[in-house]
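Participant: Handing you a structure now.
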């Protein structure tokens, strides 16, 4: 009796296993239930179990969504995106306002230092004339007011 090579057996066994696994996969796969969870930061996550510290909604995948369910899902998702974008825009405005106010304060300090050097009042800059100090303070307040008008809260 002639013995066949194990390589030949392997070549026929592998395709058979692959075909069988493809045929029987639907029998073992259960679409089941998923949870759509939204955490405190507004991040949406899909999971097969409810997540801690997140608002989770059960989604069954064993049935097809109706048009109404699909429309509700899309509307909820779009509302979440708008909320995220709104939060982003608010942060952006806040950051721009903060930068503007910092620049106004920086220009105020630079002008104050320049006037102190002009009147040779260093190191403490005591005795800056009232007219100059008032002018610098008024300029600073005007610049800060302009920042608040440009980036309203």
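Participant: Could you check the spin-label model distance between residue 126 and residue 105? Points 7 Å from the Cα along Cα→Cβ, value in nm.
Facilitator: It is 2.6 nm.
Participant: Give, as ranges by residue number, the residues of the stretch 105-125 whose backbone N falls under 14 Å from the point 7 Å along Cα→Cβ of residue 135.
Facilitator: Inside the label zone: 111-119.
Participant: Quickly work out the residue 148-to-residue 93 label distance, labels modelled 7 Å from Cα along the C-beta direction, and quote it in nm with one decimal.
Facilitator: Calculated label separation equals 1.5 nm.
Participant: If you rank 51, 58 by fewest surrounding Cβ atoms within 10 Å, what's the result?
Facilitator: On the way: 51 13, 58 9.
By the 10 Å Cβ count, ascending, the order reads 58, 51.
Participant: Hey, rough spin-label estimate for residue 69 and residue 52, points 7 angstrom out along Cα→Cβ, what's it come to in nanometres?
Facilitator: Distance between the two pseudo-spin positions: 3.1 nm.
Read the figures in this text as sums done on the coordinates, not as results from a lab. Remember, predicted model here, so these are calculated numbers, not experimental data. Every residue, glycine as well, gets a Cβ built from its backbone with ideal geometry; the counts of neighbours run over all protein chains shown.
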